[in-house]
Amino acid sequence: MRHLEGKRIIVAISGSIAAYKMATTIRLLIKAGAEVRVLMTPAATHFITPLTLSTLSKNPVFSEVISEESWNNHVEMGLWADAMLLAPATANTLAQLANGLCDTIVAAVYLSARCPVFFAPAMDLDMWAHPATQANVKRLIDHGNHLIPVGNGELASGLSGEGRMAEPEDLVGHLHHFFGESQGKPEVQQTMAGKKVLITAGPTHEPIDPVRYIGNRSSGKMGVALALEAAKRGAHVHLILGPSVLNPAAAHLQVTRVDTAREMFKAASGAFEQCDLAIFAAAVADYRPEQTADQKIKKTEDALRLDLVKNPDIAATLEKQKQAHQRLIGFALETQAGEEHARQKLNRKNMDAIVLNTLQDEGAGFQHDTNKVSILTAADNKLRRFELKTKEQVATDILDVAEQWWPVKG
Ligand code: PMT
């Protein structure tokens with residue numbers, strides 16, 4: 001964690017049960033050599049005491065703009081910091097910050113801060129999925145803030161799903177990674193330096209009318225993890241990302257955002273010729289509505305018939321333009337007879353490797369932070385099976401397989 005040495009970090013905490021994780025987070029930051037100042041919303045003080053956090057951070061903790069008849073200079077704090085970590089970020093605090101409201105010390109410092117801001121949401125699954133929350137998250141990302149994705153798992157309500165705040169190690173890892181990148185001091189060996197990598201990721205949305213679309217459950221996490229890992233290894237990465245709340249940023253990472261399969265196809269086709277390695281991790285809609293209505297389709301009939309037409313198969317089309325030095329990795333998402341279907345896809349799409357993930361495995365596939373894959377390589381017809389791991393670790397395994405192809409003879 002050497003990239004955090006001497007860094008000045010504001011830890012801003014809002015009122016969620018996940019606040020208990022911030023004691024460990026602050027300890028990790030201090031251990032990594034960072035200087036930490038803690039801010040809390042008044043609600044956060046119900047979940048963890050300022051005394052605990054001031055003891056751990058070795059600095060006073062502020063939870064009001066005015067405390068004990070003195071004014072806490074939020075502008076000075078905003079300018080002092082090298083980074084601000086807002087965690088947990090509740091639905092309420094996200095809404096305030098996204099809309100520029102300012103009635104807490106956390107919001108006042110956020111609005112004054114010139115440093116990068118990272119936010120780690122924490123809430124129940126339905127609050128997280130609510131369009132209002134998603135719109136606020138998107139707005140904060142559009143304002144240049146960095147989302148630390150939520151996890152999937154057991155929630156304080158007893159329900160299970162998306163909305164769990166990232167663990168302390170992940171929070172600190174994001175800051176560490178950011179400063180490592182911005183200082184240009186890579187910690188990972190630059191084993192892919194000079195390589196150009198094209199990655200498709202996320203779902204596609206195929207519009208039915210201005211309101212509705214055909215989509216799927218892909219979050220983009222798997223493809224984004226691959227893109228970040230390849231960039232970490234020194235590759236120049238072009239990520240073509242379908243609709244996703246993720247907003248990855250790293251040195252040597254170019255992101256093109258698309259909505260539909262045809263847009264993804266166009267962007268990938270433009271980048272393909274230059275790439276050494278293409279990884280097709282996107283869940284592309286195989287079909288789209290033949291017609292997109294200009295106006296919202298009204299409910300008039302008992303049944304509505306939609307005519308669908310085939311989308312271009314991006315991987316299969318680009319494979320036909322493959323040059324000798326290029327290597328291609330496809331994914332196979334299966335619900336049954338995975339191995340058999342993966343072998344068929346490997347041959348049909350003429351990939352160098354195919355990554356099989358099946359929805360029969362718990363914690364694998366869409367939306368999870370984890371995945372369980374098998375990698376089938378064409379050259380030796382070998383199937384490597386891996387355990388359930390985080391998508392970041394899965395990305396490492398996939399790129400380790402790809403690296404065995406370097407140096408590739410043209
Ligand atoms: O995004 P996450 O929530 O993290 O989920 C990750 C994932 C489950 C989406 C990912 O791991 C995955 O399996 N991606 C491929 C999903 C898929 O559509 O598989 P498929 O078996 O239908 O397609 C086979 C291959 O052809 C894939 O490489 C796919 O990207 C590609 N394809 C498919 C259709 C199409 N029109 N164009 C394509 O390029």
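For the reader, a short list of remarks on this structure follows.
Table: residues versus (1) open to solvent by 40 Å² or more (accessible area, probe 1.4 Å); (2) modelled with pLDDT under 95.
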site: 1; (1), (2): yes, yes
site: 5; (1), (2): yes, yes
site: 18; (1), (2): no, no
site: 21; (1), (2): no, no
site: 35; (1), (2): yes, no
site: 51; (1), (2): yes, no
site: 54; (1), (2): no, no
site: 68; (1), (2): yes, yes
site: 71; (1), (2): yes, yes
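- Residue that is least open to solvent (accessible area, probe 1.4 Å), among those in the stretch 374-385 that are of a type in the set (D, E, K, R) and closer than 18 Å to residue 405 by Cβ: 384
- Counting only strands (runs of 3 or more DSSP E) that sit completely within the stretch 120-238, those holding 2 or more residues that are buried (at least 18 other Cβ atoms within 10 Å of the Cβ) and in contact with an Asp or Glu (Cβ under 6 Å, 6 or more places away or on another chain) correspond to 151-154.
- Residue 292 assigned by TED's automatic domain parsing to the domain that holds residue 224 and touching a Pro at 6+ places or on another chain (Cβ under 6 Å): yes
- Taken across the stretch 260-269, residues that are at pLDDT below 95, surrounded by fewer than 20 Cβ atoms within 10 Å (Cβ to Cβ) and among the small types (Gly, Ala, Ser) do not occur at all.
- Selected residue (criterion: nearest to residue 15 (Cα to Cα)) from residues of the stretch 37-49 that are touching a helix residue (DSSP H, G or I) at 6+ places or on another chain (Cβ under 7 Å) and open to solvent by 30 Å² or more (accessible area, probe 1.4 Å): 47
- For the stretch 355-373, residues that are among the polar types (S, T, N, Q), surrounded by 17 or more Cβ atoms within 10 Å (Cβ to Cβ) and closer than 22 Å to residue 345 by Cβ total 3.
- Among the residues of this structure, residue 308 does not count as one that is under 23 Å from residue 265 (Cβ atoms) and crowded, with 18+ Cβ neighbours inside 10 Å.
- Exclusive hit being over 21 Å from residue 147 (Cα atoms) and hydroxyl-bearing (Ser, Thr, Tyr), set 90, 55, 25, 41: 55
- The set of residues from the stretch 386-404 being open to solvent by 50 Å² or more (accessible area, probe 1.4 Å) and in contact with a strand residue (DSSP E or B) (Cβ under 7 Å, 6 or more places away or on another chain) comprises 388, 389, 390.
- Selection of first residues in the stretch 336-365 that are under 13 Å from residue 386 (Cα atoms) and of a type in the set (Phe, Trp, Tyr) and of second residues that are open to solvent by less than 10 Å² (accessible area, probe 1.4 Å) and assigned to a helix (DSSP H, G or I), restricted to Cβ pairs under 7 Å at least 6 apart or on distinct chains, gives an empty result.
- Condition met for residue 285 (open to solvent by less than 50 Å² (accessible area, probe 1.4 Å), in a loop (DSSP other than H, G, I, E, B) and modelled with pLDDT of 95 or more): yes
- Residues in the stretch 90-106 that are in contact (Cβ under 8 Å) with a residue 60 or more places away in the chain and open to solvent by less than 30 Å² (accessible area, probe 1.4 Å): 90, 93, 104, 105, 106.
- When we screen 214, 199 for residues that are within 16 Å of the ligand (Cβ to nearest atom) and more than 19 Å from residue 390 (Cβ to Cβ), the only hit is 214.
The values are calculated or read from the model by the stated rules, or taken from the named source; none is laboratory data. Treat the numbers as computed from the prediction; the structure is a model and nothing was measured. Quick reminder, even Gly has a Cβ in these numbers, built from the backbone with ideal geometry, and neighbours come from all protein chains shown. Note: areas computed on protein heavy atoms with side chains; ligands, DNA, RNA excluded. Shrake-Rupley method; radii C 1.70, N 1.55, O 1.52, S 1.80 Å.
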